[in-house]
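The values are calculated or read from the model by the stated rules, or taken from the named source; none is laboratory data. Note that the structure is predicted; figures quoted are calculated from it, not measured. For neighbour counting, all protein chains shown are included, and Cβ atoms are generated from backbone atoms with ideal geometry for every residue, glycine included. Heads up: the accessible areas ignore ligands, DNA and RNA and are worked out on the full protein's heavy atoms, side chains in. Shrake-Rupley method; radii C 1.70, N 1.55, O 1.52, S 1.80 Å.
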Amino acid sequence: MNHSLTLKRKLAHCIALTVLLIILVGIAVNLGSIQVTYPELFRGLFIEYNEMVEIIYDLRFPRIIISLLSGAALAVSGVLLQAVMKNPLADPGIIGISSGANLTAVIVIMWFPQLYFLSPLFAFIGGVVACSLVFLFSWRGGFQALQIILTGIAIHAVFTGLLDALGYMTGGKQSIVMSMVQSNISMKTWDDVRTLAYYVPPGLLLAFFTIRYCNLLGLEEKVIRNLGVRVSSVRLCVSAVAVLLASISTAVAGTMAFVGLIAPHIARLLVGSNHKWLIPFSILLGSFTVLLADTLGRYVARPYEIPASIVMAVLGGPFFIFLLWRKTRR
């Protein structure tokens, strides 16, 4: 009876979040100086041409879809990294993966602009380097939660410093490239949507194949080995999927910290730690979180806009401090 009740609660949370996400998409579509009724929007999209709907389609739909895809990617990346490192504070933005991906993407676009559409793959390489450094410097026969965070912050600082130094050495050329790689989501087009669509759905699909292994990683290493599982190989594969999702999102939507921290943490409170529920719920919650941040940024300072990354930094910083304080007390 208790199991059935728990299952019903999890389903109720999933349904409620889906409904909230649909409502938020409806609000985001019609938020701005150009507004149409929803029947007009439907007719303009599927039946007859409407100039106002065409503007909404070209300007707002790409940023909404990018918010949904990047939010899902970052949230699931956080879930996978937390499983691998056994640390609920692990986040691709905090531990330097996003900054590593960002640095590599900027370098490639600066010197090889013809490879712009391959920047997600090069960002993935940068993310792999950053993640490898975190493993290398924080592994001491096991993962220490505080060691991971301190190492990640240091790596993030190094990559950010290199990015700033690159800007000074190139006489402002880097600033133009940065505006391409890390611009406000409002500057993105359908080409950026297609780029994300090539990588994020396959990455999320791969994440579903790691569910069993993520649950196993919560056990002691001796127990996992006794089950015939190669712990190092599992960590490597799960980390690769996490880095792929975070790097692709960073290459298109820019660095957005704390999404991979907030979404998984709230998801655990609502659906538990079983990754069979945690991963799909985090997809929904990550999408909702980033789209909400982008929508708030468009609404709070109208007619100006605050980038979603800044909104996430303002909201996520105190959340991270609270989690760190609570974990330290325990």
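Numbers at a glance
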read-out: Out-of-range pairs (alpha-carbon distance over 32 Å; input Lys86/Lys188; Lys8/Lys86; Lys8/Lys222); value: Lys86/Lys188; Lys8/Lys222
read-out: Between region 12-28 and region 84-100, the Cα center-to-center distance that results, in Å; value: 27
read-out: DSSP loop GluC sites (Glu not before Pro) with at most 14 other Cβ within 10 Å: longest gap in the chain; value: 49-219
read-out: Burial order of peptide ranges 281-288, 104-111, 14-21 (average beta-carbon count within 10 Å, highest first); value: 281-288, 104-111, 14-21
read-out: Average accessible area per residue (Å²) across region 211-288 - probe 1.4 Å, nucleic acids and ligands excluded; value: 40
read-out: Carbon + sulfur, % of accessible area of the chain - ligands and nucleic acids excluded, 1.4 Å; value: 68
read-out: Alpha-carbon gyration tensor eigenvalues x 5, square-rooted, for the chain, Å; value: 32, 27, 17
read-out: Extension gain from Trp325 to Met187, taking 0.36 nm per residue of separation minus the Cα-Cα distance; value: 46.0 nm
read-out: Calculated SAXS-style log₁₀ I(q)/I(0) at q = 0.14, 0.28 Å⁻¹ - region 1-54, Debye, Cα scatterers; value: -0.54, -1.03
read-out: Prolate/oblate/rounded call for region 1-91, Cα gyration tensor, a/c under 1.5 rounded; value: oblate
read-out: Sequence of Cys237, Cys131 when ordered by accessible area, the most exposed leading, probe 1.4 angstrom; value: Cys237, Cys131
read-out: Length-normalised contact order for region 1-139 - Cα pairs under 8 Å, 6+ apart - percent; value: 14
